[in-house]
Each structure stands twice: as C-alpha cells, then as structure tokens.
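Since the structure comes first, as structure tokens, the remarks are kept for the end.
Every number here is computed from the coordinates shown, using simple stated rules; none is lab data. It should be emphasised that the depicted structure is a prediction, and the values quoted were computed from it without experimental measurement. Positions of Cβ are generated from backbone atoms using ideal geometry, with glycine treated the same way; all protein chains shown enter the neighbour counts.
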Amino acid sequence: MKHYALGRLKPGQMNKTEAAYAAHLERLRLSGDVEWFRFEGVKLRLADSTFYTPDFAVMSGNGVMEMHEIKGFWTDDARVKIKVAADQYPFRFIAFKAVAKSRGGGWVREEF
C-alpha cells in the first residue's frame, strides 16, 4: 500500500477546492466561456526528472489553451514550478485561490 503525505490525495483525485473549481469550469463550459477542460490532463517536463502537472488544462471559449492551478495556499516549490513552466511553454498560466464564503466566495486570479 502506497502512503501519501498528510492531506495529500492520490494522483487523479480532486480535493474539495479543486472539485469546487471543476464545478465552476463546468458552468463556464455550459455558458460557452470554456470549450474544454480536464483535471490533471497535462504533464509538463521542466528539466530532467522535474515535471509540473497543472490542476486543470483548459481551452477557453476563444480557443486559447490555459493551465489553471488551484490553491488554498502556496508552497515555494509550487510557485517556482508554475513560473518556470510559464517561461518554457506557450500556454497561459493562471492560479486561482478560493475566497471564503464568509468573504463573498469566488476566486482570486493571478497570472504568470
């Protein structure tokens, strides 16, 4: 049996914040603002033995490919990887942080 760090889910399994964002993307897909999306659908090589898997690969309604990262909080490693990926690949890299419902809900957006 493989063990994961405390709070870490198996690859391919969404946490609650990612599941809420997937529901948000589905609403955007139904409205035509998003054409397609897939959870952990892309794995990008950054260097030898170093990879970055964005939470969501998203094709916007106008055909632009975006990599969306969903965060409750940032680790230094995660922030470095998304910045390196943004320098190496021709996709739009965007991070979204959930806003607490008590503060109005929604998502704070940060582009790289």
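General remarks:
- When the chain is treated as a Gaussian network with alpha carbon springs shorter than 10 Å, the biggest mean-square fluctuation among LYS97, LYS83, LYS16 belongs to LYS16.
- The loop-placed chymotrypsin sites (Phe, Trp or Tyr not before Pro) in region 4-84, going by DSSP, that have at most 12 neighbouring Cβ atoms within 10 Å of their Cβ come out as TYR4, PHE73.
- Region 16-111: relative contact order as a whole-number percent, Cα under 8 Å and 6+ apart: 21 percent
- Spatial separation of Cα centroids for region 47-70 and region 81-112, in angstrom: 11 Å
- Quotient of C-alpha Rg and 2.2 N^0.38 Å, computed over the chain: 1.08
- Along region 98-112 the Karplus relation, 6.51 cos²θ - 1.76 cosθ + 1.60 evaluated at θ = phi - 60°, assigns HN-Hα couplings of 5, 9, 4, 4, 5, 9, x, x, x, 9, 8, 9, 9, 9, 10 Hz to successive residues, with x for each Gly and Pro.
- Considering only beta bridges that DSSP places wholly inside the chain, some 75 percent are antiparallel.
- Between GLU111 and ASP48, the FRET efficiency from the beta-carbon distance, with R0 = 35 Å, is close to 0.80.
- Charge tally in the Cβ shell below 13 Å around VAL64, where Lys, Arg are +1 and Asp, Glu are -1, VAL64 excluded: -3
- ASP76-LEU30 FRET efficiency (beta carbon distance; Förster radius 41 Å; 0.05 resolution): 0.65
- Amide H contacts of VAL42: ALA57, each under 5 Å away and 5 or more positions distant or on a separate chain (H built 1.01 Å from N in the peptide plane; Pro and chain starts excluded).
- Estimated at 0.36 nm per residue, the fully extended path between LYS101 and VAL84 surpasses their Cα-Cα distance by 2.9 nm.
- Within a Gaussian network of the chain (alpha carbon springs, distance under 10 Å), most fluctuating of ARG29, ARG79, ARG38: ARG79
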